[in-house]
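S.K.: One structure follows; several queries about it will come next.
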Amino acid sequence: MSNALPNSMQARDVEYLLHAVTNARRHEERGPIVIERGQGIRVFDDEGREYIEGMAGLWSVAVGFGEKRLADAAYRQLQKLPYYHSFSHKSNEPAILLAERLVGMTPERLRKVFFTNSGSEANDTAIKLVWYFNNARGHHAKKTFIARQGAYHGITIASGSLTGLPTNHRDFDLPIIPVKHVTCPHHYRYADPGESEEAFSTRLADELEATILEAGPETIAAFIGEPLMGAGGVMPPPEGYWQKIQAVCHKYDVLLVIDEVINGFGRLGTPFGCNYYGIDPDVLVLSKQITSSYQPLAAVLISDEIYQGIADNSAKIGTLGHGFTAGAHPVACAVANENLDIIEERGLVENARVVGEHLQRELRRRFADHPLVGEVRGVGLIAAIELVADKAAKRRFDPVGKLGLAVFDAAHEQGVIIRAIGDQIAFCPPLIITEKEVDEMLDRFARAFDQAT
Ligand code: PLP
């Protein structure tokens, strides 16, 4: 790094840290932003600069930074029982209470909870439990997952295989597990000219059916999707999409795995994306806002039917041979319980709905007519602006991501953290954000956008 003082945090970061999802050579040149502390919707770096965290960290810090109640909940639990696991009949109170609570708040058919440490592990777990269940009921060939292009389901070998983003596959030799990726349900990009949202949904459901029939329904285990796609570029599904997709899944005994790692716990202004879109999943995956990311935690919920198959098979084999050392961690679960109390007491789901409407309206009012903005989209407190080289033709920049990166850098200078997914600029602020703070975030973003274009 050219301008870092020797032995500074910046210099030592470049010397020792390999960063996630970062261009490593670019990082050597520009160095890190070392975030030191946070309060509410804001974070501060080690040079004292203040930023509005327009991404809630990684789509996850629902209650904002500096929430003392979560620190206290962790401290209390650390003193009482800092660690235990859920292997071999062991349990702990925070995990039991959290499991009960999750079953109570999610769609009716979901009856049992398995805890992991990350969304990726949760999706790996979902894959394994689906396979285990299908083997248990004698459907040994039912192994293939169907996911969507543009989907993000994690980064491990199995969940990364479900992810439908080329940069997460390239030179990592993914996908490895049997998976088929069908068309991304993004109307702006993938609908035919003049095709309505309903007609686009029908076409995608037909494509799903054709994919299942071509492979043979006896080989297709599950369909996995986020209600609203997040990390791939914030893409709400077209009208009628989930109803049509669910009907196809039911017809061919294809299980429906819904990944709510981003949507869950109020992001769309409803408790879950399943509530917003009327989805009835067989398996539900949760993480991120479950603890506001104050602790690593994720959960997989399964229907009673799947549970009964798994339970019978574990009795036959002698054990359910799956689990993580830090799964059902009491400190993480205690923090989750306190975090869910805060979300409830402060009405943050309703806040996401009301302030979300303001965010969506203001983004459209301020940016939709800009000649370099192809689409403004989103629901609740998650949104994206797609930048294009040619608005009428929806033509992308060449290379893709060039302007996105410039906007991302300018946003730092203007004191707002956004995410550039290629040339798609994402916003996903903490659920505590107010309308006034949304305006401040967008003022800063507007200055960054002007600076970069
Ligand atoms: N699923 C979805 C929808 C996600 O957005 C993410 C992370 O962004 C994951 C899974 C993976 O979660 P983790 O990064 O905790 O492994």
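The values are calculated or read from the model by the stated rules, or taken from the named source; none is laboratory data. Only a predicted model underlies this, so the values are computations on that prediction, with no experimental measurement involved. Virtual Cβ from ideal backbone geometry, glycine too; neighbours counted across all protein chains shown.
S.K.: Looking at Tyr294, is it outside any helix (DSSP H, G or I), more than 12 Å from the ligand (Cβ to nearest atom) and either at pLDDT 95 or above or buried (at least 24 other Cβ atoms within 10 Å of the Cβ) (or both)?
M.R.: Values: outside any helix (DSSP H, G or I): yes; more than 12 Å from the ligand (Cβ to nearest atom): yes; either at pLDDT 95 or above or buried (at least 24 other Cβ atoms within 10 Å of the Cβ) (or both): yes.
Here the answer is yes, as Tyr294 does meet what is asked.
S.K.: Condition first: surrounded by fewer than 24 Cβ atoms within 10 Å (Cβ to Cβ), away from the ligand (no atom under 14 Å from the Cβ) and more than 19 Å from Gly380 (Cα to Cα). Can you find one or more residues in the range 237-244 that meet it?
M.R.: Yes, some residue in the range 237-244 is surrounded by fewer than 24 Cβ atoms within 10 Å (Cβ to Cβ), away from the ligand (no atom under 14 Å from the Cβ) and more than 19 Å from Gly380 (Cα to Cα).
S.K.: A further question follows. Name every residue in the range 275-294 that is in contact (Cβ under 8 Å) with a residue 60 or more places away in the chain, among the hydroxyl-bearing types (Ser, Thr, Tyr) and in contact with a Pro (Cβ under 9 Å, 6 or more places away or on another chain), in order of residue number.
M.R.: Tyr276, Ser287, Ser292 - these are the residues of the range 275-294 that are in contact (Cβ under 8 Å) with a residue 60 or more places away in the chain, among the hydroxyl-bearing types (Ser, Thr, Tyr) and in contact with a Pro (Cβ under 9 Å, 6 or more places away or on another chain).
S.K.: Please go through (1) under 24 Å from Asn263 (Cα atoms); (2) touching a strand residue (DSSP E or B) at 6+ places or on another chain (Cβ under 9 Å) for Val379 and return the number of the only condition it doesn't satisfy.
M.R.: Every listed condition holds for Val379 apart from (2).
S.K.: Is one or more of the residues making up the range 21-31 more than 16 Å from the ligand (Cβ to nearest atom) and among the β-branched types (Val, Ile, Thr)?
M.R.: Let us first name the residues in the range 21-31 that are more than 16 Å from the ligand (Cβ to nearest atom), namely 23-31.
Going one step further and asking which of them are among the β-branched types (Val, Ile, Thr), we end up with none.
Scanning the range 21-31 turns up no residue that is more than 16 Å from the ligand (Cβ to nearest atom) and among the β-branched types (Val, Ile, Thr).
S.K.: On to the next question. Inspect the range 299-322 for any residue being in contact (Cβ under 8 Å) with a residue 12 or more places away in the chain, within 13 Å of Leu129 (Cβ to Cβ) and in a loop (DSSP other than H, G, I, E, B) and give the result as yes or no.
M.R.: Yes, there is a match, as at least one residue in the range 299-322 is in contact (Cβ under 8 Å) with a residue 12 or more places away in the chain, within 13 Å of Leu129 (Cβ to Cβ) and in a loop (DSSP other than H, G, I, E, B).
S.K.: In addition: Going residue by residue through the range 38-46, is there one that turns out to be touching a residue at least 24 places away in the same chain (Cβ under 8 Å), touching a Pro at 6+ places or on another chain (Cβ under 8 Å) and either surrounded by 21 or more Cβ atoms within 10 Å (Cβ to Cβ) or not assigned by TED's automatic domain parsing to the domain that holds Gln414 (or both)?
M.R.: Keep residues of the range 38-46 that are touching a residue at least 24 places away in the same chain (Cβ under 8 Å), which gives 38-41, 43, 46.
In the following step, the residues that additionally are touching a Pro at 6+ places or on another chain (Cβ under 8 Å) were identified as 40-41.
Keeping just the survivors that are either surrounded by 21 or more Cβ atoms within 10 Å (Cβ to Cβ) or not assigned by TED's automatic domain parsing to the domain that holds Gln414 (or both) gives 41.
Yes, that holds for at least one residue.
S.K.: What helices (runs of 4 or more DSSP H), lying completely within the range 96-208, carry at least 2 residues that are modelled with pLDDT of 95 or more and in contact with a strand residue (DSSP E or B) (Cβ under 9 Å, 6 or more places away or on another chain)? Before you say what the answer is, go through the steps one by one.
M.R.: Numbers: elements: 119-136, 157-162, 166-169, 187-190.
Those helices (runs of 4 or more DSSP H) span 119-136, 157-162, 187-190.
S.K.: Just one of Glu121, Glu53 is acidic (Asp, Glu), buried (at least 18 other Cβ atoms within 10 Å of the Cβ) and not assigned by TED's automatic domain parsing to the domain that holds Ile177; which is it?
M.R.: Details: Glu121 fails: not assigned by TED's automatic domain parsing to the domain that holds Ile177.
The match here is Glu53.
S.K.: Does at least one position in the range 92-102 carry a residue that is over 16 Å from Thr291 (Cβ atoms), within 16 Å of the ligand (Cβ to nearest atom) and either surrounded by 15 or more Cβ atoms within 10 Å (Cβ to Cβ) or within 26 Å of the chain's Cα centre (by Cα) (or both)? Write out each step before concluding.
M.R.: Applying the first criterion (over 16 Å from Thr291 (Cβ atoms)) to the range 92-102 yields 93, 96, 100.
If we keep only those that are within 16 Å of the ligand (Cβ to nearest atom) as well, we get none.
No, the range 92-102 contains no residue that is over 16 Å from Thr291 (Cβ atoms), within 16 Å of the ligand (Cβ to nearest atom) and either surrounded by 15 or more Cβ atoms within 10 Å (Cβ to Cβ) or within 26 Å of the chain's Cα centre (by Cα) (or both).
S.K.: Follow-up. Being within 27 Å of Glu386 (Cα to Cα) and among the small types (Gly, Ala, Ser) narrows it down to one of Gly216, Gly240, so name that one.
M.R.: Working: Gly216 fails: within 27 Å of Glu386 (Cα to Cα).
Just a single option satisfies the conditions, and that option is Gly240.
S.K.: If I go through the range 219-234 residue by residue, how many of them are outside any strand (DSSP E or B), more than 9 Å from the ligand (Cβ to nearest atom) and of a type in the set (A, V, I, L, M)?
M.R.: Number of matching residues: 2.
S.K.: Filter the range 235-252 down to the residues that are more than 27 Å from Tyr132 (Cβ to Cβ) and assigned to a loop (DSSP other than H, G, I, E, B) and list them by number.
M.R.: Start the filter on the range 235-252 by keeping residues that are more than 27 Å from Tyr132 (Cβ to Cβ), which leaves 235-241, 243-244.
Once the filter is applied, which keeps residues that are more than 27 Å from Tyr132 (Cβ to Cβ) and assigned to a loop (DSSP other than H, G, I, E, B), the range 235-252 yields Pro236, Pro237, Pro238, Glu239, Gly240.
S.K.: Filter the range 134-170 down to residues that are away from the ligand (no atom under 11 Å from the Cβ), of a type in the set (S, T, N, Q) and over 14 Å from Asp124 (Cα atoms) and give me whichever is surrounded by the fewest Cβ atoms within 10 Å (Cβ to Cβ).
M.R.: Thr167
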